[in-house]
Amino acid sequence: MDSPQPLSSAESSSSQKQAAQPLHGQQDTAAPTEVEVTLPPAPAAAAAPVPVPAVAILRPRYSGTVERTFRQFTYRRVALIRAVTQDEKVLFQKCNPREYLVETKNHPEMHKIFIIILCLVMEPLCLYGNTNGSWEVLPPKLFAPSGQPEPKLGVNLVRDKMRRLNWLQYISSQSHSDAWLIRISFFHAADLEVRERQRLFTMISMLPTVLEMFTASETYRRICDQENMINVSKDEDEGCGSYPTICASCGDQYHANGFWVRCTLCKCWSHGKCVKVKFCQEELIRNFECPECCAEKRGFD
C-alpha cells in the first residue's frame with residue numbers, strides 16, 4: 001500500500017480550524033477563557049493634619065528662673081510705687097475723665113450728671129507696671145497672651161468720686177496692685193518646680209506691700225496735711241457764718257487755735273482765759289454759765 005502523503009502547511013492549518021469548530025447540533029463544552037481586567041488605581045488618601053499641641057494654643061512657654069521672675073516682680077512693684085508717690089500728679093492728670101468737667105464745677109447737679117454719663121461712655125483704664133521700671137495707664141491689652149492676668153479696671157472712673165488721698169489708697173490697695181503683681185509673677189513661673197515656686201513666694205512675701213510703701217511716703221503725709229488744712233478752713237467758715245464769732249468778755253474775734261467755751265443759757269462764746277476756765281475742767285465746761293447770766297440770776301434771787 002502506498003504511504004500517506006504529507007499535508008502542506010495551508011492544508012494543515014485549514015484542517016485544524018475545521019476540527020476546532022463544533023459540528024451542527026453539538027454544544028461547545030470547552031471551558032471559557034479567563035479575561036484579565038485591570039482596574040484604575042485607587043486615589044491616594046489625604047494626609048491627616050498634624051495636631052497642634054494644646055500648650056502652644058493656650059499660652060507661650062516662659063523659660064526663666066526664680067531670680068529672673070523675682071527681678072521682674074521688683075521692677076513692676078517699684079513702678080507702681082513711683083506712680084502713686086513721686087508721679088501722683090502725673091497719674092492724676094492721665095486719669096482725668098474730661099477737661100470740660102471743670103466748667104460744670106459751679107453747677108453740682110449738672111456735674112453729677114456729666115460724671116454718670118462719662119462713666120457709662122468712657123473706656124475703663126488700667127495701671128500697668130512694666131518690667132523696665134516704667135508705668136502707664138492704658139486700656140486692657142488686646143493681644144496679650146491667653147490667660148495672662150490683667151490689672152483691675154476703672155482707675156479713671158472713680159477719680160472724681162472720692163478725695164485724692166482715698167483715690168491713691170484705693171489704687172495702692174491689695175486688690176489693685178499687690179494681687180496683680182503676684183498673679184502675673186506666678187503666671188510666668190508656671191513652668192518652675194514646686195520648691196522654686198515656694199522660694200519665689202517667700203521672697204515676695206518679705207517685701208512690704210504697695211499700700212504700706214504709700215502710707216509711709218512723704219507724698220501721703222503731704223496730702224494728709226493739705227486735706228486737714230482744707231477741713232479746718234471749712235470748719236472755720238461754718239462756725240463763723242456770715243458774722244464773725246466775738247468773745248462776750250473781751251470782744252476779740254474767734255481764732256482757730258484758741259480755747260473757747262459756750263454758755264448753756266445765752267449760747268454766747270467766750271475765751272477760756274477770760275472766764276477762768278481750763279481745758280481739763282470737763283464738768284465745768286459742760287454746765288458753763290457766763291458771768292452775765294450768773295449776775296442776772298443773783299439779781300432775780
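Just so it is clear, none of the values below were taken in a lab; they were calculated from the coordinates. Bear in mind that the values here come from a model prediction, so they are computed numbers and not experimental data. For neighbour counting, all protein chains shown are included, and Cβ atoms are generated from backbone atoms with ideal geometry for every residue, glycine included.
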Quiz item: What is the packing order of peptides 197-208, 79-90, 124-135, taking the mean over residues of other C-beta atoms within 10 Å and listing the highest first?
Solution: 79-90, 124-135, 197-208
Quiz prompt | For CYS268, distant residues with modelled amide H under 5 Å away | solution = CYS263
Quiz item: Listed highest first by mean packing, meaning other Cβ atoms within 10 Å per residue, what order do 213-219, 174-180 come in?
Solution: 174-180, 213-219
Self-check item: Cα-based shape type of the stretch 118-179, given that a ≥ b ≥ c are square roots of the gyration tensor eigenvalues and the cut on a/c is 1.5
Solution: oblate
